[in-house]
Amino acid sequence: MTTRSPENTATNRRVLSGMRPTGRLHLGHYHGVLKNWVRLQKGYECFYFVADWHALTTHYDAPQTMGEHVWEMVIDWLAAGVDPEQATLFIQSRIPEHAELHLLLSMVTPLGWLERVPSFKDQQRKLRDKDLATYGFLGYPLLQAADILMYRAAHVPVGEDQVPHVELTREIARRFNYFFGRGPNFDMEAQQAIEQMGKKAAKSFVRLKQMFNEKGDRAAHAEAIALIRAQPNINQAQQDLLAGFLEGRGKAILPEPEALLTEAAKMPGLDGQKMSKSYDNIIALRDEPKRVEQSIRVMPTDPARVRITDPGDPDKCPVWQLHLVYSDSETRQWAATGCRAASFGCLECKRPLIEKVLQQQEEIRQRAQPYESNPAKVKEVIHAGCQKARAVAAETMEIVREAVGTAHK
Ligand code: TRP
Ligand code: SF4
């Protein structure tokens, strides 16, 4: 287990997440990711971005499709309810600072750390037809670390497969802070900042630091952080320095993020496997209603139900998985009971589902409509988001350049 950086997650409500531009999204994306993004945007300061450079690390042979995929995907985000008034939406490559931070982080990243990220070997095995023995592909989790650290985000909503990347990000942040957050005068500057707080606060700080360092007292840690942050006599940089001093590390130039794993109901594909474009079993977010209805009508069910009089077992039926995602408990009960008692056919069982999915897609289509009919609107959203993101990135890079010695003022 790694140590947490409690300061970051207790007070920082910034969320960052990215998605590769794969083109039109499907209901698997909706239930697995987008619903969660929509929920988070209300309570957090959210940054969501199109990871187009990430797509190039594996799909450098298909640059022609990228442009279209980017805009289709952003429309799907908006259609799903991601609200540009609440969340900042941008495109990675429009913020070239990501590349600079990636480069600077690479200076302190041991090769072994990248080689042992599970996705490195996994993807090479999965995408055998591609040459992924590239510098860019090896460095892709580090690029992700740069994405996250750039916004000094505390929370990173990701799927299970991405957790090791967030973990790597934490390790990189720690190493960076260790090398660059500890100038030659670190201890002296810390003492100076303590004195500057005034006698009473200084005394409290020293006492709380001792309680934390000697006994690992978490409450003392929290109290110390609150104390530092409330001091009018020291500036932000001094506060950061003292936060690092408190924990016996360098100044937290780049705070450590945490993965935010969400329990999402599993969205089955039309064949019962995981929904995925490569299995050709998807319902697209903005699918034709006719096609959606037909797809669900022909979905396989429990193979034991050959005739309408044969009882079935919901646990052996992909349609039941859909009920778990879409139906209320009353409908579920009706379906499960009817299935086991063979009191209706599978088509009957699918009817409320078809209705629910179509109804949801109608809302999605309505939200997409203004953007579909006026693509300039989508570009405006992204343009505004990029400007906001770029301002934050510029701020971070100023601090980072200062720390690594490339500010050259
Ligand atoms: N690597 C992620 C994926 O393939 C996308 C991604 C890139 C991302 N940068 C990120 C996700 C930063 C979260 C945070 O799905
Ligand atoms: Fe599946 Fe419903 Fe048919 Fe049972 S009745 S097998 S749950 S579709």
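Side notes on the structure shown:
- Extension gain for the segment Gln294 to Glu348, taken as residue separation times 0.36 nm less the Cα-Cα distance, is 18.1 nm to one decimal.
- Built amide H within the under 5 Å cut-off of Leu127, gap 5+: none
- The fewest-to-most ranking of Cys346, Cys317 by surrounding Cβ atoms within 10 Å reads Cys346, Cys317.
- Between Ile308, Ile399, Ile225, the residue with the greatest mean-square fluctuation in the GNM of the chain (Cα pairs under 10 Å linked by springs) is Ile308.
- Helix-derived mean residue ellipticity, 222 nm - over the chain, DSSP H n ≥ 4, -39500 (n - 2.57), to 500: -18000 deg cm²/dmol
- Global form of the chain, assessed from the alpha-carbon gyration tensor, a/c cut-off 1.5: prolate
- Gaussian network model of the chain, Cα within-10 Å springs - most flexible of Ala153, Ala376, Ala193: Ala376
- Cβ-derived FRET efficiency at R0 35 Å, Val108 paired with Glu85, nearest 0.05: 0.35
- Order of Val74, Val404, Val298 under a 10 Å beta carbon neighbour criterion, fewest first: Val298, Val404, Val74
- Averaging the Cα positions of each part gives two centres, and for the stretch 16-83 and the stretch 146-216 these lie 31 Å apart.
- Sparse packing (at most 15 other Cβ atoms within 10 Å of the Cβ) combined with a DSSP loop state is found for the following GluC sites (Glu not before Pro) in the stretch 189-271: Glu263.
- Going from the residue with the fewest nearby Cβ atoms within 10 Å to the one with the most, Asp287, Asp61, Asp129 rank Asp129, Asp61, Asp287.
- Length released on extending from Ile308 to Ala376, taking residue separation times 0.36 nm less the Cα-Cα span: 19.3 nm
The numbers here are math on the coordinates, done by the rules we state, and not lab data. Computed from a predicted structure; not experimentally measured. Methodologically, a virtual Cβ is constructed for each residue, glycine included, from the backbone with ideal geometry; neighbour enumeration extends over all protein chains shown.
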